[in-house]
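S.K.: The structure's right below; bear with me while I get my questions together.
The values are calculated or read from the model by the stated rules, or taken from the named source; none is laboratory data. Treat the numbers as computed from the prediction; the structure is a model and nothing was measured. These area figures cover heavy atoms from the full protein model, side chains too; ligands, DNA and RNA do not enter into them. Shrake-Rupley method; radii C 1.70, N 1.55, O 1.52, S 1.80 Å.
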Amino acid sequence: MRRILALCLVAILCCFVAAGCSGESGFDKSDLKKRISEVLREDPELVLDVLRENNETVFRIAEQGMAVAQQRAMREQRMDMVKNPLQPELDMDRPVRGPEDAPITIVEYSDFQCPYCSDAARTVELLLQKHRGEVKLHFKHMPLSSHPMALPAARYFEAASLQDEEKAWSLYDTFFQEQDALKQGGEEWMKQQAADLGLDVEQLEKDAAGSVVNNRIKDDLREAKRLGISGTPHFIVGGVLLAGAQPLEEFTSVIELVKEHRAQQPAPQAEPAQKTDEGEGAQ
C-alpha cells in the first residue's frame, strides 16, 4: 500500500512539474495528501526508490504532461494573436486564390526556389480544398539572396497576374512543383511555361522589369521586415502568424480558433432608422 501511495505521489509530482494538470480529479485529495505525508515521514527515501525503479514510466508521464502544457500554451498564444491580429496590407489589385468574400485570409510570404515553401504550397492547396469558401490566399514575396531564381520567378508571377490571374496561379503551381527545372532552366524555361499557358511573353518580359511589379516585391519585403518575418515560408492566418512548413492540422487548428473567437463576438447592432416629423419631406 505504501508503495502504491508513493507511485501516486510521483505521478502527481510529474503532472505539476510538467504543468499539465487541469486541477480536476475524482478522488479525495486531502485524504491522499494526508496518507502520502504519513508514508514520507516514515520512509523519506521511498519516493526516490520508486523513481529509480520506474524511471521509464515517470519519464512517459512527465513527457505527456509537457505535451499537454505545450499545447495549452500554444493555444493561449494563438488566441492572444486572434484577439490582437497582425494586419498585413492587402492589395485587391493583386492575385487572390479563393473567393474574394471568404471570411478568413491567409497571407503567404514565400520564395519560389525554397524547398520548404514548395512543401507548404502543397499544404495550402489542400487547405483551400478542405475549407472551400472559407479561406482565400494572398501571396507575397520573400526571395532569398541564396536562391538566384527566386526574384526572377517572383517578377514573372506578378507580371503574369497583370495579364491573367488564373494563368499566374498556374505559373505559381508550376514553379513550386518543378523547382529543379526552374533552377536549371532559368528565365528561358519560365518564358516557355508562360508561352505554353498562352501568355504574351514579350509583354511579360516588359512588365517583369517594370515599376509596378518591382514595387510590389519591395513592398512585400518591407512588410515582412515590419512584421519581424525573416525566413520562408511564413503565413498569417486570420491574423495569427505561423512559421515554417506547418502540417495541414496546424492551419486547420488556427482556422477553427479564429472561427470560434468570431462566433463569440456580439453581432453588430443595426443603426436605428432616422425619424422625421410627420409631413416633413427631404429637402
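S.K.: Can you pick out the pairs among Lys140/Lys225; Lys83/Lys130; Lys167/Lys218; Lys83/Lys259 whose Cα atoms lie more than 21 Å from each other? The partial results should precede the final answer.
M.R.: Working: Lys140/Lys225 13 Å; Lys83/Lys130 24 Å; Lys167/Lys218 23 Å; Lys83/Lys259 12 Å.
Long pairs (Cα-Cα over 21 Å): Lys83/Lys130; Lys167/Lys218.
S.K.: Give me the 1.4 Å probe accessible area per residue for region 128-240, excluding ligands and nucleic acids, in Å². Could you put the intermediate results ahead of the total?
M.R.: Details: 5230 Å² over 113 residues.
Counting only protein heavy atoms, the per-residue value for region 128-240 is 46 Å².
S.K.: To the nearest Å, what is the center-to-center distance of region 103-148 and region 185-204, using C-alpha atoms only?
M.R.: Here the answer is 22 Å between Cα centres.
S.K.: Need the full-extension length gain, Leu144 to Asn84, defined as separation in residues times 0.36 nm minus the C-alpha distance. One decimal, nm. Display every interim value, and only then the final one.
M.R.: Numbers: separation 60, 0.36 × 60 = 21.60 nm, distance 2.91 nm.
Computed gain between Leu144 and Asn84 is 18.7 nm.
S.K.: Report relative contact order for region 108-236 in percent, whole number only (criteria: Cα-Cα under 8 Å, sequence separation at least 6). Walk me through the numbers on the way to the answer.
M.R.: On the way: 139 pairs, mean separation 49.3, N = 129.
Normalised by residue count, the contact order of region 108-236 is 38 percent.
S.K.: What is the percent carbon and sulfur in the accessible area of region 145-196, measuring with a 1.4 Å probe over the protein chains and ignoring ligands?
M.R.: Carbon with sulfur: 40 percent of the solvent-accessible area.
S.K.: Between Lys140 and residues 5 or more places away or on another chain, which pairs have amide H atoms under 5 Å apart, with H built 1.01 Å from N, and which residues are they?
M.R.: Glu108, Tyr109, Ser110
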